[in-house]
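*Asks:* Mind looking over this structure? Questions follow.
Read-outs throughout are calculated quantities, based only on the coordinates presented, and are distinct from any laboratory measurement. What you are looking at is a predicted structure, and each value in this text was computed from that prediction instead of being measured. Positions of Cβ are generated from backbone atoms using ideal geometry, with glycine treated the same way; all protein chains shown enter the neighbour counts.
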Amino acid sequence: AALFCLVRRGRLRKLGWIFIAILLVGGYRYMGAWQPPVSPSMVVLDVGQASCQIVRWKNATILMDAGTPFSRGPSSARSVIEPFLAAAGIRRIDGIVLSHWDSDHSMATPDLITDLPVGFIAFPASDPPRSGLPAMIAGLARKRGVRLIPLHDGERPTGSSFSFSVLHPDMERLLPTKND
């Protein structure tokens with residue numbers, strides 16, 4: 001239609017240029033939204049006292065622990081995690097899995113929830129967010145529409161492009177026996 005209008009004179013020619021502009025803008029927006037499938041990968045980031053593991057597969061991005069803010073300046077979320085995600089073209093976090101609520105593993109979570117779309121926050125079911133930092137993170141997550149998932153042994157959380165299994169060591173194997 002655009003080419004047909006461009007070969008005509010008058011108003012039809014102007015309409016042809018409008019069609020071309022719409023096609024260019026639409027094509028640019030479409031290509032910007034499309035990303036090729038991601039090869040499964042894991043990156044470990046130094047985020048202060050702890051680490052942050054970023055696991056990607058099937059166009060999903062899961063963070064394991066979020067680290068702690070540095071004593072001065074921006075948090076590890078804003079100084080380490082978010083710049084890495086931006087450089088990798090990641091605009092959304094499907095989930096954050098916290099191994100536990102200690103600040104060196106979870107304190108940057110509020111910045112991540114505030115700055116990026118996050119699908120869920122998972123945590124050990126044996127340690128619910130009752131008070132302090134965990135309660136603050138849970139409250140912010142609820143306010144921003146982020147699902148809270150207490151994880152149990154053997155559970156299999158799933159999303160539109162991911163699933164994983166929760167493994168827990170056999171406590172009898174971890175405890176020393178009389179012969180040890």
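*Asks:* Just want to confirm a number: the relative contact order over segment 46-132, from Cα pairs under 8 angstrom separated by 6+ residues, in percent.
*Replies:* 30 percent
*Asks:* Going highest first, how would you order 46-57, 92-103 by mean Cβ packing within 10 Å?
*Replies:* Peptide ranking by packing, descending: 92-103, 46-57.
*Asks:* If R0 is 41 Å, what FRET efficiency do you get for Ser39 and Ser126 from their C-beta distance, rounded to 0.05?
*Replies:* 0.75
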